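J.: Dumping the structure here so I can ask a few things about it.
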Amino acid sequence: MSQTKQWWKESVIYQIYPRSFNDSNGDGIGDLKGITEKLDYLKQLGIDVIWLSPVYKSPNDDNGYDISDYKDIMDEFGTMEDWEELLEAAHNRGLKIIMDLVVNHSSDEHAWFAESRKSKDNPYRDYYIWRPGKEDGSEPNNWDSAFSGSAWEYDETTGEYYLHLFSKKQPDLNWENPTVRQEVYDMMRWWLDKGIDGFRMDVINFISKVPGLPDAPNPEGKKYVSGSQYFMNGPRIHEFLHEMHEEALKDYDVMTVGEMPGVGPDEAVNYTKEESEELNMVFQFEHVDLDSGPGGKWDLRPLSLKDLRDNLVKWQKALEQDGWNSLYMNNHDQPRMVSRFGNDGKFHKESAKMLATLLHMMKGTPYIYQGEEFGMTNVQFEDINDYKDIETLNMYREKRDEGVSHEELMKRIYVKGRDNARTPVQWDDSKNAGFTTGKPWIQVNPNYKEINAAAAVNDENSIFSYYQKLIELRHQNETVVYGSFDIMLNDNEEVFAYKRELNGETLLVYCNFYEDSPQVEIPAEYQQANKELFISNYELEDTESNKFTLKPYEARVYRIRK
Ligand code: NOJ
């Protein structure tokens with residue numbers, strides 16, 4: 001039952017992408033000491049848990065999501081001592097830390113892979129997924145990689161191909177091999193024994209592949225196509241995750257969240273209901289794929305409030321009784337939420353606060369991505385060379401080769417590129433936004449003079465102050481955490497409205513998604529009740545009337561007690 005009380009349901013989680021967070025030593029790259037320096041800021045914001053994107057040893061083909069040593073720290077980020085200091089300093093402040101677990105694949109520079117590629121009878125050979133080519137010598141199947149091209153790389157030494165669903169420097173681990181699984185569980189326990197508070201698990205629903213790795217249907221006769229139906233939520237996924245729970249997790253009071261592209265609500269319930277003993281929650285992708293066409297993420301299409309609402313409501317209802325939702329609108333892979341779902345120009349503050357209200361009042365555990373709390377926005381660099389993300393750069397090269405214009409590709413990158421979220425955190429209005437005294441590894445968003453943490457912290461009307469209030473409300477009010485969820489005004493084209501209820505208390509949430517001023521009315525059953533304003537992103541003159549007009553991007557929440 002999702003009513004079971006758990007600390008991770010009552011928490012707000014803050015994601016740190018260390019490379020872009022705060023640089024303490026002037027090399028232009030964020031680091032662990034830089035994070036420790038900012039713990040008081042995070043405490044001031046009020047969050048409970050930090051999710052650290054990977055800080056492990058890595059050649060950085062995919063900014064740390066390619067790990068060459070799971071038990072060591074990336075050189076640019078510091079040392080294990082720095083990491084221990086960070087954990088202790090966080091715990092001293094009552095902040096928990098969860099680590100990223102990237103075990104669908106490792107780096108090709110991991111010692112296991114160095115062995116594995118040496119010979120077909122090497123003891124590590126079966127740690128990875130090797131196959132001979134087809135008769136004509138081509139790749140073992142027609143799957144594409146998430147980062148363009150084939151999902152297979154030919155390796156001269158043994159004359160076979162290895163599978164890499166991401167870059168060729170990220171070979172997939174072979175979860176069919178029980179020794180690999182035990183290695184992963186040992187490593188997880190090693191970190192848990194150091195005192196961490198849980199894991200965010202990278203593409204964890206990719207680890208079980210359909211045996212035989214068949215070709216995917218290819219009606220258009222493309223060179224490579226998505227093979228996702230053969231590895232998303234594969235045949236042994238529940239078995240593996242339950243085993244992980246038994247072997248690594250069950251003796252620790254920790255939380256887990258599994259990143260799961262392609263997961264639907266029914267399957268998400270199976271992963272997260274208590275009886276399954278698998279995961280606490282998952283990151284699903286449906287709501288962040290609504291503005292993608294059939295061609296995938298770079299195939300832009302407009303997003304309607306109706307689609308977004310229908311989707312979020314579907315997830316709220318599906319996981320209301322069993323299971324648990326994670327609530328997010330951006331992260332290190334997604335565009336900035338105020339640019340994508342709000343208005344990052346004229347109504348920057350209003351829309352950022354409205355979106356935060358929408359998310360934080362829903363049922364589930366909210367995630368804040370660094371800089372979101374003061375409204376960081378997407379970025380537009382003119383020169384493709386200013387982009388650093390492997391997905392973006394590979395896509396650009398591939399599509400240019402196919403003849404797509406630079407202008408068209410930049411348009412797509414401005415909307416969807418991952419570097420939108422990866423520009424340095426804008427701490428203040430000094431040089432490089434206070435992120436580094438050196439040359440930042442990726443350029444700072446030029447809007448840092450106006451949009452920065454220092455300005456926001458000192459302003460009681462800032463987005464930051466509003467997030468503080470939202471987090472505080474969750475900590476104080478059980479209806480926000482455990483209340484039921486029901487949609488209101490289901491047909492309204494401009495307003496996303498819903499209610500939460502628990503033990504005779506009701507929260508009515510109204511979020512205006514546009515610049516217009518729609519009228520709404522409190523449902524008849526609550527019109528006689530005493531209502532108090534719970535939170536709003538405007539100074540409101542009249543909070544008594546049952547009929548009211550919402551200002552552009554207004555969010556208003558009423559609390560009613562019987
Ligand atoms: C999902 C991560 O969030 C993303 O940043 C990464 O590129 C892929 N998984 C591969 O690890």
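Values quoted throughout were computed directly from the atomic coordinates according to the rules given, and no laboratory measurement underlies them. Note that the structure is a prediction, hence the values are computed from the model and not measured. Backbone-built Cβ (ideal geometry, glycine too); neighbour counts: all protein chains shown.
J.: So for the chain, what are the equivalent ellipsoid semi-axes in whole Å, largest first, each being the square root of 5 times an eigenvalue of the Cα gyration tensor?
T.: Computed over the chain, the values are 39, 26, 25 Å.
J.: Here is a follow-up. Roughly how many debye, to the nearest 20, is the charge dipole of segment 141-201 about its Cα centre, given +1 on each Lys and Arg Cβ, -1 on each Asp and Glu Cβ, and no other charges?
T.: 300
J.: Right, here's the next one. Rounding to the nearest 20 debye, state how big the charge dipole of the chain is about its Cα centre with +1 on each Lys and Arg Cβ and -1 on each Asp and Glu Cβ.
T.: So the magnitude is around 980 debye.
J.: For every other residue with a beta carbon closer than 10 angstrom to the beta carbon of Ile560, add +1 if it is Lys or Arg and -1 if Asp or Glu, then tell me the sum.
T.: Spelling it out: positives minus negatives among the neighbours equals +1.
J.: Based only on the alpha carbon positions, what is the Kirkwood hydrodynamic radius of segment 1-92, in angstrom?
T.: It works out to 14.1 Å.
J.: Using only alpha carbon pairs under 8 Å that are at least six residues apart, calculate the relative contact order of segment 309-387 and give it in whole percent.
T.: Relative contact order, segment 309-387: 35 percent.
J.: For a test of the definition: using alpha carbon positions, the gyration tensor, and the 1.5 limit on a/c, classify segment 432-504 as rounded, prolate or oblate.
T.: It comes out prolate by the Cα gyration axes.
J.: Further question on the same structure: Going toward the positive end of the dipole of the chain, with +1 on Lys and Arg Cβ and -1 on Asp and Glu Cβ, which of Val254, Tyr271, Ser326 do you reach last?
T.: Ser326
J.: Could I ask something else about it? If I fit a long axis through the Cα atoms of helix 80-92 and take the longest principal axis of the Cα atoms of the chain, what angle between them do I get, 0 to 90°, rounded to 10?
T.: 20
J.: Here's another thing I want to ask about it. When a/c reaches 1.5 or more, the comparison of a/b and b/c decides; with that in mind, is segment 321-466 rounded, prolate or oblate per its Cα gyration tensor?
T.: Oblate is the answer for segment 321-466, as a/c is 1.5 or above yet b/c matches or exceeds a/b.
J.: Report the full-extension gain for the segment Ala89 to Arg131: residue separation times 0.36 nm, less the Cα-Cα distance, to one decimal in nm.
T.: Using 0.36 nm per residue and subtracting the Cα-Cα distance, I get 10.4 nm.
J.: Hey, any idea what Rg/Rh is for segment 520-562, computing Rh the Kirkwood way over Cα pairs?
T.: 0.93
J.: Highest mean first, how do 289-295, 452-458, 247-253, 102-108 rank when packing is the count of other Cβ atoms within 10 Å averaged over residues?
T.: 102-108, 452-458, 247-253, 289-295
J.: Here is a further query. Measuring from centroid to centroid over Cα atoms, what is the spacing of segment 102-123 and segment 200-253 in Å?
T.: Computed from Cα coordinates, the inter-centre distance equals 19 Å.
J.: Shifting gears a bit: Is the C-alpha gyration tensor of segment 253-356 telling us rounded, prolate or oblate? Criteria: a/c under 1.5 is rounded; beyond that, a/b larger than b/c is prolate, otherwise oblate.
T.: Cα axes put segment 253-356 in the prolate bin.
J.: Which ordering of Glu274, Glu532 is given by a fewest-first count of other beta-carbon atoms within 10 Å?
T.: Lowest to highest Cβ neighbour count: Glu532, Glu274.
J.: Counting only DSSP beta bridges with both residues in segment 15-110, tell me the antiparallel percent, nearest 5.
T.: Percent antiparallel among DSSP bridges in segment 15-110 is about 25.
J.: If we count every other residue with Cβ under 13 angstrom of Ala216's Cβ, Lys/Arg +1 and Asp/Glu -1, where does the sum land?
T.: -1
J.: For n ≥ 4 DSSP H runs only, could you compute -39500 (n - 2.57) per run for the chain, divide by its residues and tell me the 222 nm figure to the nearest 500?
T.: My calculation for the chain gives -7500 deg cm²/dmol from helical runs alone.
J.: Using the charge dipole of the chain (Lys, Arg: +1 at Cβ; Asp, Glu: -1 at Cβ; taken about the Cα centre), state which of Tyr498, Gln528, Val55 has its Cα farthest towards the positive end.
T.: Of the candidates, Gln528 comes out farthest on the positive side.
J.: Quote the relative contact order of the chain in percent (integer), defining contacts as alpha-carbon pairs under 8 Å separated by 6+ residues.
T.: RCO, the chain: 13 percent.
J.: Still on this structure, please answer the following. Taking 25 Å as the cut-off for C-alpha to C-alpha distance, list the pairs among Lys71/Lys120; Lys5/Lys353; Lys306/Lys547; Lys346/Lys416; Lys297/Lys349 that go past it.
T.: Result: Lys71/Lys120; Lys5/Lys353; Lys297/Lys349 exceed 25 Å.
J.: Taking neighbour Cβ counts within 10 Å as the exposure measure, how do Lys118, Lys431, Lys169 sort from fewest upward?
T.: So the residues, fewest neighbours to most, are Lys431, Lys118, Lys169.
J.: By count of other Cβ within 10 Å, fewest leading, how are Val269, Val425 ordered?
T.: Val269, Val425
J.: Next question. Taking the Cβ of Trp441 as the center, what net charge do the other residues with Cβ under 13 Å away carry, scoring Lys and Arg +1 and Asp and Glu -1?
T.: Surrounding charge for Trp441 is -3.
J.: Right, another one. What share of the DSSP beta bridges in the chain is antiparallel, in percent to the nearest 5?
T.: About 60 percent, rounded to the nearest 5.
J.: Under a crude label model (7 Å from the Cα following the beta-carbon direction), how far is Gln44 from Glu156 in nanometres?
T.: That separation, rounded to one decimal, is 5.6 nm.
J.: Right, next: What pairs from Lys314/Lys469; Lys38/Lys314; Lys57/Lys399; Lys33/Lys411; Lys223/Lys439 go past 29 Å between their alpha carbons?
T.: Lys38/Lys314; Lys57/Lys399; Lys33/Lys411; Lys223/Lys439, as the Cα separations exceed 29 Å there.
J.: Moving to a separate point now. Which angle between 0 and 90 degrees, to the nearest 10, do you get for helix 178-193 versus the longest principal axis of the chain when only C-alpha atoms count?
T.: Orientation of helix 178-193: about 50 degrees from the principal axis.
J.: If you average the sequence gap of Cα pairs under 8 Å that are 6 or more apart and divide by the length of segment 104-196, what percent do you get for the contact order?
T.: Reported relative contact order: 28 percent.
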